[in-house]
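Scroll down for the structure; my scribbles are underneath it.
The values are calculated or read from the model by the stated rules, or taken from the named source; none is laboratory data. This structure is a prediction, so every number in the text was calculated from the model and none was measured. Glycine also receives a Cβ, built like all others from the backbone with ideal geometry; neighbour counts cover every protein chain displayed. Each accessible area value is taken on the protein alone, full model and side chains, heavy atoms only, with ligands, DNA and RNA left out. Shrake-Rupley method; radii C 1.70, N 1.55, O 1.52, S 1.80 Å.
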Amino acid sequence: MALINKIRERSGIAVVVIAASLILFIVGGDILGSQALFGNNQNVGEIAGETISYKDFQLKLDQARQAFEAQSGRAATEPEQQSLREQVWNQYIIDYAYKKEYDALGLKVSSDELVDMVQGNNVSPAVQQSFTNPQTGVFDKTQVISYLKNLKNLPVEQQQAWENFEKSLAQDRLRQKYENLLRAGSYVTRAEAEKEYQAQTAKASLRYLYVPYYSVVDTTIKVTDSQLQDYLAKHKDEYKGFDSRTIQYVTFPIIATKEDSVEMYNKIKELARGLATATSDSTYARVNSDVPTKLYWSYSDMPDQLKSAVKSFIPGSVNGPYREGNTYFIYKYGGTKIDTAYTARASHILIRTQGTSDSAKAEARTKAADLLKQLQGGANFEQLATANSADPGSAQRGGDLGFFSEGAMVKPFNDAVFAMSGTGLIGRLIESDFGFHIIKVTEPKTNVLYKIAAIGKTMTPSQATRDAIYAKADQFSIESKSKSAFDENVKKDKGLLVQTANRIPESATNVNTIQNAREIVRWAFNDDTKTDQVSPVFETDEQYVVAILTGKSSKDSPSINDFRDELTLKVRNEVKAEQITKKLSGIQGGTLEAIAQKYGAGALVEAANEISLATGFLTSAGLDPIALGKGFGLKAGKKSKVFTGENGVFIMEKVSDTPAPAIADYSMYKANLQSKNLQASYLLNEAIRENAKVVDNRAKFF
C-alpha cells in the first residue's frame with residue numbers, strides 16, 4: 001500500500017513526464033535530428049585523435065558477445081560482458097594507437113607470414129594450443145588444415161570467431177616485432193656493467209646512529225592544510241589526479257519476517273498434503289521445488305539430516321520439513337532398489353612417497369607401519385591423522401574422506417575399501433602412487449538406492465516484506481535532505497550503520513562489499529549529483545541502499561583531499577626530520593654511542609657488516625638507499641653529518657671497506673642489466689597509451 005500511495009501522490013508529475021515523452025517520441029526525429037537539443041554526447045571515448053561513437057562501440061560489442069555465446073553455448077554473465085567490453089576497448093587502442101606506430105616504422109604481417117603462423121613451418125603457440133589432441137598432448141597440423149577447409153560450412157559466428165582469431169595472431173606478431181626493435185635499440189655500456197659489478201661485489205662495514213620517525217609521537221606534530229598544499233605543489237608530478245567519488249551509505253537488508261515464516265510453514269503443509277496424494281510424486285516434486293533434486297538417492301548423496309532420518313521412513317510416508325540453510329525440504333519415501341555401483345565412507349592417513357628417493361620411501365614405510373601398529377593397539381585414529389597425514393584436506397577432518405563411489409579413488413585404495421564387507425581398520429598398509437595409506441572404513445559399502453521425491457522451498461521475503469523495507473529506506477532518503485539530516489536520522493535508528501567507500505573510480509562495478517553496484521556509481525558520477533546530496537533508494541543483492549555523496553576528485557585539478565593521508569604522512573615526517581636533525585646537529589661531537597646517549601630515547605646505534613650497495617639491508621631501517629649511498633660514499637674511519645633517510649634521520653660511519661677485485665670480463669653483468677629491459681614491453685604499452693591521450697567515457701554508458 002505504501003508504494004501505491006506514493007505512486008498516487010506523484011501521479012501528476014508522471015502524467016506530465018509521459019506526455020512530454022510522447023511528444024518527443026512523435027516529433028523527436030525532426031526536433032532532435034543530430035542531438036541538437038541535448039548536444040552530441042554519444043561518444044564512448046577518444047584514442048589518438050580518433051572519436052569512438054557509442055553506436056560503433058556497441059556494434060563491435062554485440063559481435064563479440066554473439067561470438068562468445070556461440071562458442072560457450074550460453075548467455076554471457078554480467079562479469080563476462082564487462083570483460084568483453086574491455087576486450088573491445090583494447091582492440092580500439094590497438095587499431096588506433098599502436099597501428100600509427102607500426103605504420104610509421106613500416107611494420108607489417110604479410111599474408112604468407114600469417115599462413116606460416118597458422119599451418120606452415122612456424123605455427124603459432126596459440127594455434128598449437130587450440131589444435132592439440134587432449135588424449136595424446138600432440139599438436140596435429142592436419143586438424144588445422146581440415147578445419148580451414150570446412151570453415152565455409154560452419155555457422156557465421158564461428159567463421160567470424162576464426163577471422164578475429166587470425167587478426168589477433170597478426171597483431172601479436174606486430175607487437176613482437178615492435179618490441180624486438182625496441183630491445184635491439186637498447187645497449188648497455190661497459191661503464192654501466194662495471195658499475196653494476198661494483199655495486200654487487202664491493203663490500204663495506206658500517207656503523208650508524210638512526211632515529212626513526214616513529215620515535216616521535218604523531219600527535220605531537222600538527223599538520224595544517226597550508227603545509228599539505230605546499231607539499232602537493234612541490235611534488236605535483238608524484239600525485240596524479242583522477243576522477244573519483246567518496247560516499248557514505250546505509251543499508252536496509254531485505255530479510256524474511258515472522259509472517260514470512262508462517263506463510264512458508266503453511267505452504268510446506270499444503271505441499272506435503274499434495275505430495276502425499278500425487279499420482280506422480282516425482283513430477284509433483286519437480287514442479288513445486290525451488291531447487292533441483294533427484295528421485296533415487298545413494299546414501300552418500302544425502303544431506304546429514306536425511307541420512308539420520310531415512311532409515312526410519314515408512315514407504316509412502318511424507319516426512320519433514322528438514323532445514324538446510326534457508327531451504328526447507330519435505331521427502332516422500334518410496335522404498336529402495338539395488339544399484340550396480342557401490343558407495344562407502346572411509347578415513348585415511350597418507351604417508352607420502354610421491355617423487356621421493358628409495359631411502360625416503362623406506363623411511364615412509366617404517367613410519368606408516370609404526371602408526372598402524374599404534375592404531376591396532378587402540379590409539380585414536382582422528383588424532384594420528386590430524387598430526388601425521390600428508391593429505392591436508394582430509395587431515396583437517398581427522399582423516400575423513402566422506403562418502404565416495406566405487407572407482408572414484410586410486411585402484412589400490414578403491415580395491416581395499418570395497419573388498420571389506422563391514423567397517424573398521426584395514427590391517428595392512430595400502431600402497432598407491434601417492435604413498436602408503438592407513439585406512440579405516442567408517443560406513444560399510446552399500447549399493448542400495450532410496451526412492452525419495454523431495455521438495456525444497458527456499459525462505460524468501462514476501463513482496464509485502466520487501467515493500468515495507470523499501471518504504472522505510474525511501475522515508476529515510478526523503479527525510480535526509482542534508483549531511484546533518486542524514487547523520488541525525490542514522491542516530492535515530494540503532495539498526496543502521498554508516499559505511500564509507502573512499503575514492504570510487506568511475507568504472508567501478510562494486511562499492512566495498514556491495515556487488516553489482518553500477519547504479520550507485522553512476523549516480524555518484526552524474527553531473528547533477530552535488531556534494532552532500534542524498535541518493536534515491538538503490539536495490540542491490542537483497543538489500544536497499546541509500547547513499548550520500550561526501551567527496552569528489554578530478555584528474556584535472558587534484559586537491560589535498562585526494563591524497564590527504566599520504567600527504568599528511570609525508571609532511572609529518574618532514575617536520576619530524578627537522579626536529580630530529582636540529583637536536584642531533586647540536587650534539588655531533590664524540591662517538592655514536594655518546595651522541596645517542598645525549599639525544600635520549602629513540603636513538604639507535606647499529607652495525608651492518610660486509611654489505612653490498614646493491615643488496616645492503618640495515619637492521620632497523622631496512623632497505624634505505626639514501627643511507628646506503630651516504631655510507632658507501634664515506635672513507636673508512638670517517639663519519640657523515642646528520643642527514644635524512646627514507647624512514648628516519650642518520651649519522652653514518654664507515655668502519656671498513658673491501659673493494660671489488662678487478663676483472664676483465666663484465667659480460668655477465670652486462671647481460672644482467674640487459675635482461676632488465678624485458679620490462680620494456682610494459683613501459684612501451686604505457687608510453688603508447690599516454691601518447692595516444694586516451695579519453696575513456698565508457699562508464700557513462702555501461
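A few notes on this one:
- In this structure, the pairs whose alpha-carbon distance is over 28 Å, taken from Lys598/Lys654; Lys492/Lys570; Lys570/Lys641, are Lys492/Lys570.
- Nonlocal amide H pairs with Asn319, under 5 Å, H built at 1.01 Å: Tyr331, Lys332, Tyr333
- In range of the label at Lys337: residues from the range 443-470 whose backbone nitrogen is under 12 Å from the point 7 Å along Cα→Cβ: 449-452
- Within the chain: Cβ-based charge dipole about Cα centre, in debye rounded to nearest 20 (Lys, Arg +1; Asp, Glu -1): 1140 debye
- Element breakdown for the chain at a 1.4 angstrom probe: carbon and sulfur atoms account for 52% of the accessible area.
- Which listed pairs, of Lys60/Lys552; Lys294/Lys457; Lys332/Lys457, have C-alpha distances above 21 Å, in listed order: Lys60/Lys552
- Candidates per GluC sites (Glu not before Pro) in the range 142-208, loop by DSSP, up to 11 other Cβ within 10 Å: none
- Value of D in µm² per second that Stokes-Einstein yields for the chain, Kirkwood Rh from Cα pairs, at 4 °C (1.567 mPa s): 37 µm²/s
- GluC sites (Glu not before Pro) within the range 220-327, DSSP loop, no more than 15 other Cβ atoms inside 10 Å: Glu238
- Computed per residue of the chain from DSSP H runs no shorter than four, each worth -39500 (n - 2.57), the mean residue ellipticity at 222 nm is -14000 deg cm²/dmol.
- Remark: relative contact order (the chain) = 23 percent; criterion is Cα-Cα distance under 8 angstrom and separation of 6 or more residues.
- Per residue solvent-accessible surface (Å²) - the range 424-484, probe of 1.4 Å: 43 Å²
- Sites matching GluC sites (Glu not before Pro) across the range 610-702 that sit in DSSP coil, with at most 16 neighbouring C-beta atoms within 10 Å: Glu646
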